[in-house]
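The values are calculated or read from the model by the stated rules, or taken from the named source; none is laboratory data. All values derive from a computational prediction rather than experimental measurement. Here the Cβ positions follow ideal geometry from the backbone for every residue, glycine too, while neighbour counts run over all protein chains shown.
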Amino acid sequence: MESMNYDKARQYIEVAGKYGMVLGLSTMQNLLARLGNPQDKLKFVHIAGTNGKGSVGAFLNEILRTAGIKTGRYISPALFSYEERIQISDEKGTEYISKWNVAKWMSAIEFAVLEMVEDGLPHPTPFELETAMAFMEFETQGCQLVLLETGLGGRLDATNVIKTGVCQIFTAISRDHMQFLGETLTEIALEKAGIIKKGVPSVSWPQEPEVKKVLLETALKLDSELIWADLEKLAIREMTLEKTAFSYKGEEFETALLGENQPGNAALAIEAARMLEKQGYSLGKEAICEGIKKACWVGRFTIVSREPVIIIDGAHNEAAAQSLARSLKIYFPEEKLIGIVGMFKDKEYDKVLKETLPFMEKVYTLKPEGERGLPAAVLSECAKKYCQRVTSCQSAGEALKKAIQENENRTAIIVYGSLSFLHEITKILQYNDARVKRSKPT
């Protein structure tokens, strides 16, 4: 069989979507068995939750990297490039998987998939293919610890095939993806709690009562120690557009990550780091402090331009929109802002607009690329319930150009909604993730 190049590999992954999805882990388990079960040679921190997975992962990854531990990190969605979803970090910095390795691993995976289909088994989904590729990359790179984000839910997520977890992390759990996970917080929490493994400890954000009950019951049943981030012991010292300073349990910290939710996310990462220390990972107070300080996570209340001030934020559900609204109140208490928003049609876009548009003097709507994108005109009509000056735009470029040209009061421009279109904004502004070295093939 001829080996793929990068473009063919990407096309192969995309086309896999047409085969549909079979619920359960059996397809993923079968695929990995034919690839030699690379995941069984790795150690994992498994991260589930509705909001904050990326931020907590960024904090913890930087702590581990600073302590000299080589990490793999699997995230979704990516903001800058396809390869961003599979990252390798060590003391020297962070690299993404190379295009060469995407092609190499997908060529091997294609052979395994052909065998599966010939045996009458389902074709893996794009996410299953990418997860298998991530495991192969992390094993080959010799990662000592992998930070593994769930794609959707937990119990039946492709990442939940792992058997060698050392810790589970639960970020804030709220309503999202209800068509897959259930309408109630209890139903959603049951899906997320499905990643807890017998005897493997967990750390969690202080959840809503229904969620807390599910996590406690599941952890007790599986003999999993469960530690909660204690936000009552979190005190904000300073919160500006340059930095955030706070104390947690009497220790002082500083971070460049902005947004009212980041001190809490940092506290959760600190608890996870301390849990890992109890399991023998040598981190230390200095690495924890330095990791919190150096962490970078673009797309979550990130300043991508200073003149004019342009901030991007992936607020695409009600809880994230409430967090964005609290941040706007902190950073811009006296200003009316300009909004650029694009949403997927399967999201609760009315609730997102209701939370955020009271802070806007005008808003520009657009349609994110792809079938899931909500038409700009539909979003515009909804926005008019909460803001008088609404303009529907054909593209991210048009929306950004108009927002800058029509910014009479020189106020901040807030770009938010589905992460997919935030990438277009960063490209237009030529904003890059400067911490990342371009990866080399192995």
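Descriptive notes on the structure:
- One residue alone among 196, 236 is of a type in the set (A, V, I, L, M) and outside any loop (DSSP other than H, G, I, E, B), and that residue is 236.
- Selection count, segment 361-405, where residues are among the aliphatic types (A, V, I, L, M), free of Cβ contacts under 8 Å to residues at least 40 places away in the same chain, touching a helix residue (DSSP H, G or I) at 6+ places or on another chain (Cβ under 7 Å) and closer than 14 Å to residue 339 by Cα: 3
- Selection within segment 315-334: residues that are touching a Phe, Trp or Tyr at 6+ places or on another chain (Cβ under 8 Å) and part of a loop (DSSP other than H, G, I, E, B). The member of this set that is surrounded by the most Cβ atoms within 10 Å (Cβ to Cβ) is 315.
Rundown of residues vs (1) at pLDDT 95 or above; (2) farther than 29 Å from residue 106 by Cβ; (3) within 18 Å of the chain's Cα centre (by Cα), yes/no style:
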| position | (1), (2), (3) |
| --- | --- |
| 136 | yes, no, no |
| 165 | yes, no, no |
| 184 | no, yes, no |
| 200 | yes, yes, no |
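- The set of residues from segment 363-411 being crowded, with 16+ Cβ neighbours inside 10 Å and basic (Lys, Arg) comprises 367, 402.
- When residue 269 is tested against (1) loosely packed, with under 13 Cβ neighbours inside 10 Å; (2) farther than 15 Å from residue 327 by Cα; (3) modelled with pLDDT of 95 or more, just one condition goes unmet, and that condition is (1).
- Any chance residue 84 is in contact (Cβ under 8 Å) with a residue 12 or more places away in the chain and closer than 21 Å to residue 23 by Cα: no
- Failed criterion for residue 163 (all others in (1) closer than 27 Å to residue 261 by Cβ; (2) outside any helix (DSSP H, G or I); (3) basic (Lys, Arg) hold): (1)
- Any hit, segment 322-337, residues being small (Gly, Ala, Ser), within 15 Å of the chain's Cα centre (by Cα) and outside the structural domain of residue 264 (by the TED database): no
- Segment 199-217: number of residues that are crowded, with 20+ Cβ neighbours inside 10 Å and either in contact with a Cys (Cβ under 6 Å, 6 or more places away or on another chain) or not in a strand (DSSP E or B) (or both): 7
- Checked against the criterion of being in a helix (DSSP H, G or I), in contact with a strand residue (DSSP E or B) (Cβ under 8 Å, 6 or more places away or on another chain) and either at pLDDT 95 or above or outside the structural domain of residue 54 (by the TED database) (or both), segment 384-394 has no qualifying residue.
- Some residue of segment 344-359 being hydrophobic (A, V, I, L, M, F, W, C), at pLDDT 95 or above and in a strand (DSSP E or B): no
- The one condition from (1) closer than 28 Å to residue 259 by Cα; (2) modelled with pLDDT of 95 or more; (3) part of a loop (DSSP other than H, G, I, E, B) that residue 122 does not meet is (1).
- Test: residue in segment 258-268 that is in contact (Cβ under 8 Å) with a residue 60 or more places away in the chain, under 16 Å from the mean Cα position of the chain (by Cα), farther than 18 Å from residue 425 by Cβ and not in a helix (DSSP H, G or I): yes
- Residue in segment 335-342 that is among the charged types (D, E, K, R), surrounded by fewer than 23 Cβ atoms within 10 Å (Cβ to Cβ) and outside any loop (DSSP other than H, G, I, E, B) present: no
- Being touching a strand residue (DSSP E or B) at 6+ places or on another chain (Cβ under 6 Å) and either surrounded by fewer than 19 Cβ atoms within 10 Å (Cβ to Cβ) or modelled with pLDDT under 95 (or both) holds for only one residue in 72, 17, 49, and it is 49.
- Filtered residues of segment 284-301 (kept if surrounded by fewer than 19 Cβ atoms within 10 Å (Cβ to Cβ) and either among the hydrophobic types (A, V, I, L, M, F, W, C) or touching a Leu at 6+ places or on another chain (Cβ under 9 Å) (or both)): 289, 296
- Selection status of residue 242, touching a Gly at 6+ places or on another chain (Cβ under 9 Å), in the same structural domain as residue 84 (by the TED database) and either at pLDDT below 95 or more than 21 Å from residue 54 (Cβ to Cβ) (or both): no
- Verdict on residue 36 being touching a residue at least 60 places away in the same chain (Cβ under 8 Å), assigned by the TED database to the domain that holds residue 164 and either surrounded by fewer than 17 Cβ atoms within 10 Å (Cβ to Cβ) or touching a Cys at 6+ places or on another chain (Cβ under 6 Å) (or both): no
- Flag if residue 310 is in the same structural domain as residue 55 (by the TED database) and aliphatic (A, V, I, L, M): no
- Of residues in segment 88-114 being in a strand (DSSP E or B) and without any contact (Cβ under 8 Å) to a residue 40 or more places away in the chain, the one nearest to residue 27 (Cα to Cα): 89
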